[in-house]
Amino acid sequence: MIKKILILTLFLYFLILFQISFSAHFYILNIIPSLILIFTIFFNLFEKKENVSGIFVAIFGGFLEDIFSNSVIGFHILIFLVLSIFIKFVFKKYIQPVIRLNQHSKCTI
Amino acid sequence: MKLPRKPIYRILIFIIFGILIISLLNFYQKEVKNFFYKTSEPLQKTFWRAGIKLSNFFETISEIKRLKSENENLKLRNQELSAQIANLIELKKENEILREALDLGLEKEFKLSLAQITSKDTSQDFILINKGSEDGIVENMPVITSQKILVGKIYKVYKNYSRVMLITNKEVSFGGKIVGEEILGEVSGRGNLKIIFDLIPSEKEISEGDLVKTTVLGGAFPKGFLIGKIGKIQKSDVQSFYQAEISPFFDLNKLETLFIILNF
């Protein structure tokens with residue numbers, strides 16, 4: 001667990017530096033994609049519901065976004081945390097089963 | 001004392017603890033941010049340079065065709081300009097003689113401080129430079145390029161770093177003037193690296209490609225610094241003022257160093 005968190009911490013730190021210093025030169029439609037946000041969404045989507053690493057990714061990712069942007073510390077943490085909780089508990093519990101059920105009924109037809 | 005084991009208490013303790021830490025971090029926000037910027041600077045510089053190189057490489061590939069025709073045009077323009085320079089040298093000499101005669105002297109130069117860009121915000125209209133309060137930087141100081149092109153102003157100062165609000169930021173507006181004409185207007189940022197030249201009197205005519213420079217109006221920036229050139233003009237016969245887009249002269253993908261005017 002500690003090893004996983006350490007790896008995630010280092011990865012997120014490199015990702016934010018990559019985002020603000022490297023990928024900042026390649027904007028799409030005048031927007032720099034937030035790699036941290038994309039990573040948080042995918043990490044929470046593919047992680048098991050019982051694991052809490054996704055929450056850590058949201059908190060630490062949000063913290064790094066706050067540090068390297070102009071916002072107050074806590075702004076991105078809150079957004080990422082709400083997003084992570086939404087994916088973990090609402091999307092996986094209520095929306096994903098409905099999608100699966102629809103796909104299954106289409107297959108049987 | 002034993003910690004309560006029920007999950008709801010754990011979550012509550014976690015939330016209270018989190019809020020406390022965040023409040024504390026916000027209290028020492030400037031110091032915390034400065035610490036992170038300082039420790040990340042070497043890596044950020046490497047990424048920034050690599051980013052510039054790669055973006056220039058892709059730009060060159062996609063623009064080879066355009067560059068060929070532009071090169072032809074530039075060669076012609078170069079010849080024209082060489083002729084103009086020859087004339088100007090003559091005029092400069094004449095001017096110097098006249099200045100000496102009138103005992104005016106040259107204009108007082110600005111006191112400048114050199115800074116390097118370390119990162120760009122995701123919100124885009126802010127950049128971070130490696131000069132801070134320790135180097136005598138204070139808020140609202142104008143930031144320019146070596147070609148005396150206006151980039152923005154100091155927005156927030158940390159110990160070793162400063163955040164620069166670009167002139168394209170929505171919160172920026174100041175007086176501007178068409179170079180060589182007596183046409184004044186308001187230059188205001190529109191976000192996403194866009195600027196407009198607003199409040200141009202409808203009786204005055206401007207055309208695409210006209211250069212815009214700063215004026216003393218508004219007092220935000222010193223006069224005479226280049227901002228950009230006029231792009232698309234939006235004019236209607238009904239209104240007494242009209243506006244035009246400005247394409248800024250500075251290109252963040254090519255910029256590495258900037259100057260801060262210390263004595264404005």
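Just so it is clear, none of the values below were taken in a lab; they were calculated from the coordinates. Keep in mind that what you see is a predicted model, and the values were worked out from it rather than measured. Counting neighbours? That spans all protein chains shown, and the Cβs are built from the backbone with ideal geometry, glycine included.
Side notes on the structure shown:
- When you filter the GluC sites (Glu not before Pro) in the range B:123-180 for DSSP loop state and at most 14 other Cβ atoms inside 10 Å of their Cβ, you are left with B:Glu139, B:Glu171.
- Computed from the Cα positions only, the extents of the range A:2-92 along the three principal axes stand at 38, 28, 24 Å, in decreasing order.
- Gyration tensor verdict on the protein assembly as shown (Cα atoms; rounded if a/c is under 1.5, prolate if a/b is larger than b/c, oblate otherwise): prolate
- Loop sites by DSSP among the trypsin sites (Lys or Arg not before Pro) of chain A, restricted to those with at most 13 other Cβ atoms within 10 angstrom, leave A:50-109 as the longest stretch without any of them.
- Within-13-Å neighbourhood charge of A:Ser21 [Cβ basis; K, R +1; D, E -1]: +1
- In straight-distance terms, cross-link reach from A:Lys88 covers every one of the lysines whose alpha-carbon lies under 25 Å from its own, apart from those fewer than eight places away in the same chain; here that gives A:Lys3, A:Lys4, A:Lys48, A:Lys49, B:Lys6.
- Here the Karplus relation 6.51 cos²θ - 1.76 cosθ + 1.60, evaluated at θ = phi - 60°, turns the backbone of the range B:129-138 into coupling constants of 10, 8, 10, x, 4, 5, 9, x, 7, 10 Hz, with x for every Gly and Pro.
- In the range A:20-109, the chymotrypsin sites (Phe, Trp or Tyr not before Pro) that fall in loop regions by DSSP, at most 13 other Cβ within 10 Å: A:Phe26
- Taking the Kirkwood radius as Rh and the Cα radius of gyration as Rg, chain B has a ratio of Rg/Rh equal to 1.10.
- The range B:216-259: C-alpha gyration tensor shape, a/c 1.5 cut-off, then a/b vs b/c: oblate
- When the C-alpha to C-alpha distance is required to be over 20 Å, the pairs from B:Lys38/B:Lys254; B:Lys153/B:Lys213; B:Lys33/B:Lys159; B:Lys38/B:Lys156 that qualify are B:Lys38/B:Lys254.
- In terms of the mean number of neighbouring beta-carbon atoms within 10 Å, the peptides B:143-151, A:5-13, B:11-19, B:35-43 order highest first as B:143-151, B:35-43, A:5-13, B:11-19.
- Cα-derived Rg over Rh, computed across the range B:116-211 with Rh taken as Kirkwood radius: 1.05
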